[in-house]
Structure formats: structure tokens, C-alpha cells
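Beneath this line is the structure, given in C-alpha cells, with notes to follow.
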Amino acid sequence: MQIKHSLLLGSASFLVAAIAAGWVSVALTKAGLAGPKGFESSFEAVNGAWMYSDKVGSPAASRTERARVALGGPLALSSEETIYFMALEDDGGDQLTSSCDYRITGQSFDTRWWSLTLYDSETQVFVPNDTNRASWNSRAIGYNADGSWTVMISNEQQPGHWLPVHQESDKRFDLLLRLYNPSAETRRLARTLPLPTIEKAQC
Amino acid sequence: MLTRALPIVVMAVLVGSAFGALLGWNLTLERVPVAVMEAIEAKMIGPDRQWNKCVHERQYGPLPRVARSNPDSMVTRVAYDLSEGSLRLRGETWADYWSLSVYQQNTDNVFVINAQQIQGRTFDFTLSPSQDSPVRSPSQRIISPTTKGILLIRRFVVSEDDVPAVHANQDSMTCELV
């Protein structure tokens, strides 16, 4: 009789503990996947402030990487078609925020199309602005005499190529550099490509 | 009696917690991508639940579509359900970057082709659930590993000046369940 009671008590304890731990686990896993270190965790540091991922949209991604990308950037093209770079910091290692202005300088890429896009890191969509501008691309941008290009990031209008950020200070943003239909050489050298510099101009 | 049962209860709680935590973690990782796809598909099919319908984005510029979408692109999107047949898509590619991509129900990009990989300026693809489904010539078959999913056609646009031409390109497309 006592053994029967002990087993019943043990089974009930197992079930209650499993359900409780299951709920906690689901909540913690979801929070971890969607949190500030979720999407970018699928990227690896490569060059300057930039991180690279060949797992975005890829069937080769692990279950964790797939879930992170699903929440932070779903319906992306696989690395076979597009190379993705992401920056959360400037070249000095400081987080990109709306409290500062930044100068981005880069070269063109051997690719069908490239674009540089700015996203609010919290909402993961565009920063609303009067000019309706969130990106510059290889066709729309003007190149300097030496073939380079420059984009200014600021919450005040800038001459030349300007990407607006939040009017409020201390808002985090991130940059995505996408290379669509890159040449075979560009794809092969993805981890060592010379990438744009992200220089803090003023705070 | 309680003293005798205590070790069993403690052991049961420990094993139960570990089992529940592991199960919760695994289920979440499996479920999250599918839930994201279902949420996007629900938006795409709307209240009338119109699967297999080509929906053209008519506006150019930054729109809060999904997380980190590309504002350069004016997309045609289809939430597909191949349980009742295959989906045939025909039309013209686009002068700037153009691609057609297929996402299975766990978000994986299982197929992509760009304009430079297509001979000529027209395309004709049939998205089917298996190799056995009939495909009308000269359409090229794309197999979707899952019955449901999302197909995207991206056209990259330089400025607002391109919008009328994009609309004409979109309107010339046909999407039909065959």
C-alpha cells in the first residue's frame, strides 16, 4: 500500500515538474531567440565591425539558427544567392546609436546589386522619417572620383547620401549590407572582402 | 510514510524538470519557424483565405512588411497550398535584379533563380508538391518539399520613376492553380 502511494506521489511530482519546467523552458527559449542577441547571434565577426552569416535562409542552418533568423529576418535568400553582412557597432567597437553621427565609406562590390539598409534594432523594421529613406543601393548611390562611396548616418539632414536615424537619442540601430547575385569570386572570398568603414563622426 | 516517499518525490521532480525543459526547448525550436511562416501566410491570404493568389506590392520604399525586409524591392508574393494542385506562374523578368524564390514551411529557402540564370526575358514555372504532378510544357517544375509555403518574386527598383514599369510587369504576370 505504501509503495503504491509513493509511486502515485512520484508520478504526480514528475508530471507537475515536467509541465512547469516545460512552460519555463518555452518562455526562456522564446525570449532568448527573440532577444537583442537573437538574430545577430547567427552572424560571425569577419571584418571591422561587420559580421557575416551563410546560415540565413539556408537548409544547412541549425534549428537554433533557423528559429533566430525566422524571428529576426524571415524570407531571406540563401547565401547561394545573397551574401549578408550585419553591423551593430562602429569601427571603435561602440554600439551604433541615434546619439551619434556616423560616416560609412566603402567600395563597390562585384555583384549584381548591393544595398545598405538601416533598421531599428528594437522593432527590426525601418526608422520612420520624413524623407522615406532607409537604404542606399548600388544603382541609386553616387560614387566618388576614386570609385568609393560615402553615406552619412544622422538624425539631422546631411548633404550627399543621408540615412536618417531616430530623433530621440540612445536608440539602437543596425546596418545590413546585402550583396545580391555576387560573382563566384566574391562569394568565395565573402569572409575576407574589404567592407565599408563605420566611423563615428560626432556625438 | 512521507519520509519514505521523499526520495522518490525529489527524484521525480528532478527527472520531470529535466524532461520538461528539454521537451519545451525542442518543441520551441521546431515550432517557432513554422509559427512565423503561418503568421506571414495569414497576413498574405487575408480574411478570405485566398491561397495561391499572386499579391503584388504596388508601393515603393520602406514599408514595415516583415522584420528586416529590403526597401529596394517591389515584391510579388504568393502563400501557396498545393494540396489541390500545382501552381503555375508566368511572366517577364525585370531589367534590374529579379529573382524567384521558394520558402518551405520551416522558412528554409529551398529554391532560388535569378534573371541572369534564365534564357530570354520570360519565365514559366510550375510549383508542384511532387515529381509525379503533371507539368504543362514548356513550364519548368519546381518541387516544394512542403504542401504549404511562400513564393516571392523580387524586382529591385532604383527610384519612383520605375514604379509604372513595375506595375506593368506585375500586371502581365499570371498565377493559376493547374
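Inspect the stretch B:87-99 for any residue being β-branched (V, I, T), more than 7 Å from every other protein chain (Cβ to nearest Cβ) and under 19 Å from B:K148 (Cα atoms) and give the result as yes or no.
Looking through the stretch B:87-99, none of the residues is β-branched (V, I, T), more than 7 Å from every other protein chain (Cβ to nearest Cβ) and under 19 Å from B:K148 (Cα atoms).
Would you say A:A134 is open to solvent by less than 10 Å² (accessible area, probe 1.4 Å) and either without any contact (Cβ under 8 Å) to a residue 40 or more places away in the chain or not assigned by TED's automatic domain parsing to the domain that holds A:E44 (or both)? Yes, satisfied. Cβ-Cβ distances below 8 Å connect the following pairs, each with a first residue in the stretch B:133-150 that is closer than 14 Å to B:V112 by Cα, a second residue that is acidic (D, E), and a separation of six or more residues or different chains: B:Q140/B:D124; B:I150/B:E41.
When the residues of the stretch B:50-64 are filtered to those that are at the interface with chain A (Cβ under 10 Å from one of its Cβ atoms) and crowded, with 18+ Cβ neighbours inside 10 Å, the one that is farthest from A:V125 (Cα to Cα) is B:Y60. The set of residues in the stretch B:91-107 being assigned to a loop (DSSP other than H, G, I, E, B) and either among the small types (G, A, S) or without any contact (Cβ under 8 Å) to a residue 40 or more places away in the chain (or both) consists of B:T93, B:A95. Within the stretch B:154-178, residues that are assigned to a strand (DSSP E or B) have Cβ atoms under 6 Å from residues that are among the acidic types (D, E) and surrounded by 14 or more Cβ atoms within 10 Å (Cβ to Cβ) in these pairs: B:F156/B:D72; B:F156/B:D96, counting only partners at least 6 apart in sequence or on another chain. Does the stretch A:59-73 hold any residues that are more than 7 Å from chain B (Cβ to nearest Cβ) and part of a loop (DSSP other than H, G, I, E, B), and which are they? Within the stretch A:59-73, A:A60, A:A61, A:S62 meet the criteria.
Looking at the stretch B:1-38 only, could you name the residues that are closer than 30 Å to B:A67 by Cα and at pLDDT below 80?
Passing the criteria: B:A21, B:L22, B:L23, B:G24, B:W25, B:N26, B:L27, B:T28, B:L29, B:E30.
For B:P47, are the conditions met, namely being crowded, with 19+ Cβ neighbours inside 10 Å and not in a helix (DSSP H, G or I)? So B:P47 does not fit the description; no. Taking the stretch B:15-42 as the range and being under 21 Å from B:R155 (Cα atoms) and either open to solvent by 100 Å² or more (accessible area, probe 1.4 Å) or facing chain A (nearest Cβ under 9 Å) (or both) as the test, only B:I40 passes.
The values are calculated or read from the model by the stated rules, or taken from the named source; none is laboratory data. Everything numeric here is computed off the predicted structure, so don't read it as measured data. Methodologically, a virtual Cβ is constructed for each residue, glycine included, from the backbone with ideal geometry; neighbour enumeration extends over all protein chains shown. For accessibility, only protein heavy atoms count, side chains too; no ligands or nucleic acids. Shrake-Rupley method; radii C 1.70, N 1.55, O 1.52, S 1.80 Å.
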